[in-house]
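The values are calculated or read from the model by the stated rules, or taken from the named source; none is laboratory data. Note that this is a predicted model, so its numbers are computed, not measured. Positions of Cβ are backbone-derived with ideal geometry, glycine not excepted, and every protein chain shown enters the neighbour counts.
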Amino acid sequence: MNRIAQTVPYGYEPPADGRKGTLIVYDTFQHMADDALASAAETAAKRAFAKLVLYPLHEETVRRMTKEPVLPYHKRLDRLHDWKRGYEREHGRGAIPIVVEGLEGKRKKYTPMEAALRHLAEAYPSPLFLYLTPEMANQFAAFSSFETWIVKLRLLLASEPASPHPRLAQYRHRWDVAEPN
């Protein structure tokens, strides 16, 4: 605990923090390259988010959602931690705080998207923005809980979807496309 007395001028008010909200990248991180991760971090910094959260999916969750083969969870997690260290080393203290969320690693089984979103809403400051690929956004729109979640958070898509899901098209006002860097 710092016990050094500090003085401030009369009427001083600390400056308001211009950063707020959380940008959550919800993905398998199987095919997402380092430059795509850097693009997500730059988008978070440009839009003045307080935090960037990387949420890697467990193999069981991916198997139920997409049926595609995926690397083991721990290998993808190690890659994300390596990228995070490199990004922080490159950008220094002014970089946006990046968190690699480990909920699925603790559970070690299928985690429904609703449970993951509930956890993220409780753990991180709002407003929440989900950074999704167009394919993942279409899968999210296909879930029955999409309409209850789309009013609680906003979507930020990596690129414009070629053929958006009808619900995704219906809620076009709740999502935006991240600008290419």
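Hey, can you tell me all the residues within segment 90-104 that are more than 19 Å from Asp27 (Cα to Cα) and assigned to a helix (DSSP H, G or I)?
Within segment 90-104, Glu90, His91, Gly92, Arg93, Gly94 meet the criteria.
For segment 73-89, state whether one or more residues are part of a loop (DSSP other than H, G, I, E, B) and touching a residue at least 12 places away in the same chain (Cβ under 8 Å).
no
Please determine, by comparing only the residues of segment 86-97 that are closer than 13 Å to Ala41 by Cα and of a type outside the set (Phe, Trp, Tyr), which one is surrounded by the most Cβ atoms within 10 Å (Cβ to Cβ).
Ile96
Select from segment 20-46 the residues that are without any contact (Cβ under 8 Å) to a residue 60 or more places away in the chain, surrounded by 13 or more Cβ atoms within 10 Å (Cβ to Cβ) and either assigned to a loop (DSSP other than H, G, I, E, B) or of a type in the set (Lys, Arg) (or both) and list them in ascending order.
Thr28, Phe29, Gln30
For segment 49-69, which positions are of a type outside the set (Ser, Thr, Tyr), at pLDDT below 90 and not in a helix (DSSP H, G or I)?
Scanning segment 49-69 gives Lys67, Glu68, Pro69.
Before we move on, is Val70 touching a Ser or Thr at 6+ places or on another chain (Cβ under 6 Å) and either touching a residue at least 24 places away in the same chain (Cβ under 8 Å) or surrounded by 15 or more Cβ atoms within 10 Å (Cβ to Cβ) (or both)?
yes
State the number of residues belonging to segment 105-151 that are in a helix (DSSP H, G or I), under 16 Å from Asp176 (Cβ atoms) and of a type in the set (A, V, I, L, M).
Within segment 105-151, residues that are in a helix (DSSP H, G or I), under 16 Å from Asp176 (Cβ atoms) and of a type in the set (A, V, I, L, M) number 3.
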